[in-house]
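These notes are about the structure you will find just below.
Read-outs: derived from the displayed coordinates by stated rules, not from any lab. Everything numeric here is computed off the predicted structure, so don't read it as measured data. Ideal geometry is used to build each Cβ from the backbone, glycine not excepted, and the neighbour counts take in all protein chains shown.
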Amino acid sequence: MAETMDDLKEELEASLKRIRVGDVVTGTVIDVTENSVLVDLKAYADGVIRKEDLSEDPDFNLEEEIHPGDEITATVMATNDGEGNMVLSKKEANAVLAWEKLKKLMEERTVVTVKINEVVKAGAVAYLEGIRGFIPVSRLSDEYVEDIGEWNGKQVEVTVIEADEEDRRLILSGREVAREKKQQEKNSRIAKCEVGAVMNGTVETLKPYGAFIALENGLSGLLHISQISTQRIKHPGVVLKEGQEVRVKIISTKDNKISLSMKALAEDTAEPAEETFEYKEEGRASTGLGALLKGLKFD
């Protein structure tokens with residue numbers, strides 16, 4: 001196919017494009033081999049990135065993660081490799097661009113998935129954006145980690161909690177993500193609870209303002225001191241003790257919090273008090289002895 005004037009103009013602009021060592025350039029991957037990547041820079045020469053200059057991640061798989069047509073950004077390390085290609089390093093570009101992205105991830109509290117590459121006594125090592133990150137053992141989960149070795153090789157959802165480019169310190173945490181997921185699951189289960197439902201439960205803890213009850217459905221709720229008894233009490237311990245089994249009624253699930261009542265159950269099951277009265281024609285009712293005896297004749 002014959003070249004058009006636009007094609008010739010593009011080639012001319014490419015031949016005049018000056019690229020220097022240290023420049024950060026972006027191009028399109030045109031070939032991927034076992035050991036390198038060839039990049040079209042729309043310039044007088046293509047760029048070559050060797051496998052070792054692609055990522056710091058020891059688990060990085062060149063042929064799986066980079067494909068022809070992908071856009072790639074790298075730093076120019078040399079303008080000629082002896083074969084007419086520019087030598088590029090994505091790893092060097094990452095050192096500049098990755099920190100910017102990591103800071104953005106931290107600011108936006110974005111959840112990302114990383115693979116734990118190594119575990120040490122104090123925590124775990126994982127790579128994010130090609131940068132080595134550390135997850136303290138206390139932040140791997142929202143629960144106590146007894147055997148950190150079991151975490152090696154696991155995929156973990158984390159957030160960036162520190163991204164210090166100057167000291168090259170990247171700290172990650174999975175604790176907040178785990179807590180958030182559990183809370184979402186809990187909220188979903190609470191939403192399914194019906195106000196008015198009656199359940200069995202066990203007193204977990206007593207507080208001056210009420211008692212926390214572990215319900216039979218795996219959730220827990222607050223039994224406020226005002227909802228414990230039909231009588232006014234000064235402290236929940238007057239009626240309840242930890243470990244005691246109780247029967248309660250759900251009276252609210254507002255704001256994803258379960259409110260319980262024993263008083264409501266007592267009121268529901270209470271029998272109306274019997275009243276004895278005498279009806280008189282003038283429409284008054286009386287229960288007094290005088291009223292009962294009035295009008296009776298004794299011989």
Point to revise | Distance in nm between pseudo-label sites at E185 and K51 (7 Å out along the Cβ direction from Cα) | key: 4.0
Check your understanding: Relative to the present Cα-Cα distance, how much length would full extension add between D40 and E204 at 0.36 nm per residue of separation?
Key -> 52.4 nm
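Take every DSSP beta bridge with both residues inside segment 51-185 and express the antiparallel ones as a percent of the total, to the nearest 5.
Working: 22 of 23 bridges.
Here the antiparallel bridges make up roughly 95 percent for segment 51-185.
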Review point. Which FRET efficiency, nearest 0.05, do K103 and V21 yield, Cβ-Cβ r, R0 41 Å?
Key: 0.95
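Applying a 10 Å radius around every beta-carbon, put 94-103, 20-29, 188-197 in order of their mean neighbour count, most first. Mind showing how you got there, number by number?
Numbers: 94-103: 17.0, 20-29: 13.9, 188-197: 11.9.
Highest-to-lowest ranking by the protection proxy: 94-103, 20-29, 188-197.
Please compare each pair in K90/K115; K51/K103; K101/K254; K42/K115; K181/K263; K103/K181 to a cut-off of 31 Å on the Cα-Cα distance and tell me which ones are over it.
The pairs that break the limit, which is 31 Å between Cα atoms, are K101/K254; K42/K115; K181/K263.
I need the semi-axes of the equivalent ellipsoid of segment 193-269: take the C-alpha gyration tensor, multiply each eigenvalue by 5, square-root it, list largest first in whole angstrom. Mind showing how you got there, number by number?
Working: eigenvalues 59, 39, 26 Å².
So the equivalent ellipsoid measures 17, 14, 11 Å along its semi-axes.
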**Study point:** Computed P(r) (all Cα pairs; segment 105-213; 10 Å bins; percent)
**Key:** 13, 35, 23, 17, 11, 1
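Compute, for segment 193-269, the length of the dipole vector about the Cα centre, with Cβ point charges of +1 (Lys, Arg) and -1 (Asp, Glu) only. Units Debye, rounded to 20.
Numbers: 9 positive and 8 negative charges, 67 e Å.
Around 320 debye, computed over segment 193-269.
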